[in-house]
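The values are calculated or read from the model by the stated rules, or taken from the named source; none is laboratory data. Here the structure is a predicted model, which is why all the values come from computation and not from measurement. Positions of Cβ are backbone-derived with ideal geometry, glycine not excepted, and every protein chain shown enters the neighbour counts.
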Amino acid sequence: MSKVLYVEDHPAQRDILAQMLELNGFEVAVAGDGLEGVEKARTWLPDLILMDLRMPKMDGFEAIKVIRSDAGTQDIPIIAISAWASAKHKERALEAGANEHFTKPVDLNRLLTTINRYLE
C-alpha cells in the first residue's frame, strides 16, 4: 500500500481528501502546517506528498525546499495543491521543487491519475 502525506492547514479540506485517498487504497498521514509536514516526511518517509502552499508556521514553498534539500526525502514526488491559481504561484511551486501543481478545488480523478503515475 502506497503512503501519501497530505500537508494542509484547513481541517475540513484535509479530512475530506484524506478519506478519499484512503478509499482509493492509500495509507494516509496528515500534517497541519509546513513544519509538521517536513518532520513527518523525514520520519514517515511517504511515497508521495500533497502540499498546500499557504499555511502557518512554514508555507508550502519553504517546506518543499526543505524536503528537497534533505538527502532522505529529496526524491519523494511532491504535488502542490493551492487555491492560488496564478501562473506566478504555479511557477514558484515548481521552482521550489514541486513535481506538479493543482488548483483547488481539485479534480479527484485527475489527482488520482497523477498520483498513480508518480507511484508506478
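Observations on the structure shown:
- Breaking point among (1) surrounded by fewer than 19 Cβ atoms within 10 Å (Cβ to Cβ); (2) small (Gly, Ala, Ser); (3) modelled with pLDDT under 95, for residue 82: (1)
- Of all residues in the stretch 1-16, exactly one satisfies the criterion of being outside any loop (DSSP other than H, G, I, E, B) and in contact with a Gly (Cβ under 6 Å, 6 or more places away or on another chain), namely 7.
- Residue 13 surrounded by fewer than 23 Cβ atoms within 10 Å (Cβ to Cβ), polar (S, T, N, Q) and touching a residue at least 60 places away in the same chain (Cβ under 8 Å): yes
- Some residue of the stretch 58-70 being within 19 Å of residue 29 (Cβ to Cβ), touching a residue at least 60 places away in the same chain (Cβ under 8 Å) and not small (Gly, Ala, Ser): no
- Hits in the stretch 47-79 - residues which are surrounded by 24 or more Cβ atoms within 10 Å (Cβ to Cβ) and of a type outside the set (A, V, I, L, M): 52, 60
- Looking only at the stretch 85-120, and only at residues there that are without any contact (Cβ under 8 Å) to a residue 24 or more places away in the chain and of a type in the set (A, V, I, L, M, F, W, C), the one that is surrounded by the fewest Cβ atoms within 10 Å (Cβ to Cβ): 87
- Pairs with Cβ under 7 Å, 6+ apart, first in the stretch 27-56 and within 16 Å of residue 68 (Cβ to Cβ) and in contact (Cβ under 8 Å) with a residue 40 or more places away in the chain, second assigned to a strand (DSSP E or B) and among the aromatic types (Phe, Trp, Tyr): 50/6
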